[in-house]
1. Tell me, yes or no, whether region A:331-350 has at least one residue that is of a type in the set (Ser, Thr, Tyr) and closer than 28 Å to residue A:88 by Cα.
2. Confirm whether residue A:361 is crowded, with 17+ Cβ neighbours inside 10 Å and either part of a helix (DSSP H, G or I) or charged (D, E, K, R) (or both).
3. Output the residue which, of all residues in region B:257-273 that are modelled with pLDDT under 80 and not in a loop (DSSP other than H, G, I, E, B), is farthest from the other protein chains (Cβ to nearest Cβ).
4. Which residue, of A:159, A:155, is more than 14 Å from chain B (Cβ to nearest Cβ) and either of a type in the set (Ser, Thr, Tyr) or more than 25 Å from the chain's Cα centre (by Cα) (or both)?
5. Would you point out which residue out of B:279, B:283, B:243 is buried (at least 17 other Cβ atoms within 10 Å of the Cβ), assigned to a loop (DSSP other than H, G, I, E, B) and within 11 Å of chain A (Cβ to nearest Cβ)?
6. Specify which of the listed residues (A:305, A:346) is farther than 26 Å from residue A:263 by Cα, more than 8 Å from every other protein chain (Cβ to nearest Cβ) and modelled with pLDDT of 80 or more.
7. Please work out which residue is farthest from the other protein chains (Cβ to nearest Cβ), limiting yourself to region B:91-108 and to residues that are crowded, with 17+ Cβ neighbours inside 10 Å and under 18 Å from residue A:22 (Cα atoms).
8. Kindly provide the set of residues from region B:119-151 that are closer than 30 Å to residue A:353 by Cα, surrounded by 14 or more Cβ atoms within 10 Å (Cβ to Cβ) and more than 7 Å from chain A (Cβ to nearest Cβ), ordered by number.
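The values are calculated or read from the model by the stated rules, or taken from the named source; none is laboratory data. Predicted model, so just to flag it, every value in this text is computed and none were measured. No Cβ is skipped: glycine too gets one built from the backbone with ideal geometry, and neighbour counts run over all protein chains shown.
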Amino acid sequence: MITIPESFSRTLLRSGIISLWSALLFLPFKGLRASALLFGLLFLSVLLLTFAGSWVSSQLAKTAAVRERVRRSLPEDRRYLLLFLLPALAIPFAAQNYLIDVAVLAGIYIILALGLNVVVGYTGLLNLGFVAYYAIGAYSFALLNTKLSLGFWSAMPFAVIITTLAGFLFAVPALRLKGDYLALVTLGFGEIVRITLNNWDSFTNGPNGIGGITAPTLAGMSIETLSAYYYLVLFFVLVSIVVIGRVQRSSIGRAWIALREDEIAASAMGIPSTLYKLYSVSFGAFWAGIAGCLFAAKMRFISPESFTFMESVLVLCMVILGGLGSIGGVIVGAVILVILPEILREVQMYRMLALGAGIVLLMIFRPQGLFGGKVVSSRY
Amino acid sequence: MLLQQLINGLTLGSVYALIALGYTMVYGILELINFAHGEIYMLGAYLGIIILGFLTAAGLTAYSVPLALALTLLLTVIFSASYGFTVEKIAYRPLRSAPKLSPLISAIGVSIFLQNYVMITQGATDKVFPSLVGNAGFSVLSTRITFLQASIIVVSGIIMALLHAFIRKTRTGKAMRAVAQDRSMASLVGINTDTIISVTFIIGSGLAAVAGLMVSMYYGLVNYFIGYSAGIKAFTAAVLGGIGNIPGAMFGGILLGLIESLGSAYISSEYKDVYAFIILIVILLVRPSGLLGRDAEEKI
């Protein structure tokens, strides 16, 4: 991607053209002064990037051998990863409420992203409306809790079953499609769910949402403090990691990956492709349901606003950023994308702009994500 | 009442058709759902307001309204086409040989970027398009048609006819069809496929800009998020007519506009935005090749 400059004058010309073109495009939107500023900034940064880029890539090439050695020196037995649990357990002791709050949110997103990873990462079915299952989980939980006054532990199984069922029922017709058509249909499903929640006033209370969801209880005690709720979420995160990891290594998980790599070859080896895709979508929806319940129980209030298309894209970004198909990568991706906006609160306006540009750059320079290995195949 | 709804639907439908053409041409050539296409339409709407504002400040509108409008149209199309060209060059070209879903995700990134780009530079509030033409119109069979509606329908019709002739008759059009049929074969017979792809994006973006300009005149208000739903609807129109099929996109756009305006008049206007999604899902499931499309053979 990074070209080594043939000569200085050509580099100058190139950055001149790039920045002039961009400044011209920018001109109608912010006027002459801003465009001139953009021209100057772009000119310098393109120039700098061209030189720095070739230097950085040569340095990276040097570190490749070192990185490989570090990777080899890691023990085969992955139990050392449990060490990561210690800081996670310690968070409520060390941090203020604000940080625990962010950590709870990160936990919920980790479950959601791991669920989407089953569908997109393992099975290779792009889903642009995953948040629909999250919404169905959250709304079923909230309705069971407020209308039938079921507690957390009795409402959750029902809500999760409803979500899984919704995932299954929607997948039955949708899985006749492949690739980007399937992606579009899932997007449509996501929007239909959101618009319905928004308009079905008598049942879902429309845009005003549902409030008054009760806090979960455990052994007769109400889990009201933030720290207690954090441990509850952490428990579910650990369960999801263990269960999804084990399913991935089972015959079902291997069948999913085979389907992703080459559906025709997989079918020829006797894998019933539609059935296994159905498993995958339902399994993914299952975790979205759990995440939805946790979200509703934490917020005590839900409204359709939390389940927009952007939310689906955000969860997808978590999966892609860390690396499709890698549990560790997805966790890191989710944590980064929850924490980053909190850090960037100062420059809130530019957050989404950066997210958009980041997605494009990621696809161009590192489509396998930060930690993904050889998981994305060309056929995918 | 029915006739009135038909006219409204036809107006809306010709706009959808113009946007759908961009989707269908790009899909025909790259098999890419250009998710950012709706944003080009949105850019067109904004650029129209900005450029017209500039021309008014320069005194041209006071001198001659048609001249100002024509110049606005020209400049809007040029700028939007440049945006389309740039987007293709930056976000899609490096991904030509990447897995099929990478460009789609990249397109979503472009879409988010452009929305926020406009929001930051132009503000999050609605922008008003100055009313130049007013509400004047004429009546046919006790149905009122404004001049604006009539000109939207006529202009779209002319543009579509021109595009059809361009694709059928010219050398470039022939090359576009060849690239759509088989990209590597086309490059073997000496067609510069990258140029043809750029031309496709330029034409598609220009059409979307015309649509954007006309819609901002029609509704009088634009916002930075109008591209998303218009994009989805136009894509639905393209699928409805058979994606990759140019007459199909025109037909699908008009059909969708009619369905939407009749649906919100006679069924429920709250669910207005759902109709497009339901049609999209049903068409994809029942007849993925669209109403006018031929069944595509699956390439292995």
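1. Looking through region A:331-350, none of the residues is of a type in the set (Ser, Thr, Tyr) and closer than 28 Å to residue A:88 by Cα.
2. So residue A:361 fails the test.
3. Here is the first cut: in region B:257-273, the residues modelled with pLDDT under 80 are B:267-273.
With the extra rule that they be not in a loop (DSSP other than H, G, I, E, B), the set shrinks to B:272-273.
Details: B:272: 9, B:273: 6 Å.
For region B:257-273, the residue satisfying everything is B:272.
4. On the way: A:159 fails: either of a type in the set (Ser, Thr, Tyr) or more than 25 Å from the chain's Cα centre (by Cα) (or both).
Being more than 14 Å from chain B (Cβ to nearest Cβ) and either of a type in the set (Ser, Thr, Tyr) or more than 25 Å from the chain's Cα centre (by Cα) (or both) holds for just one of A:159, A:155, which is A:155.
5. None of the others qualify; the one that does is B:243.
6. One residue alone meets the criteria, A:305.
7. Top of the filtered list is B:92.
8. Answer for region B:119-151, where residues must be closer than 30 Å to residue A:353 by Cα, surrounded by 14 or more Cβ atoms within 10 Å (Cβ to Cβ) and more than 7 Å from chain A (Cβ to nearest Cβ): B:119, B:127, B:129.
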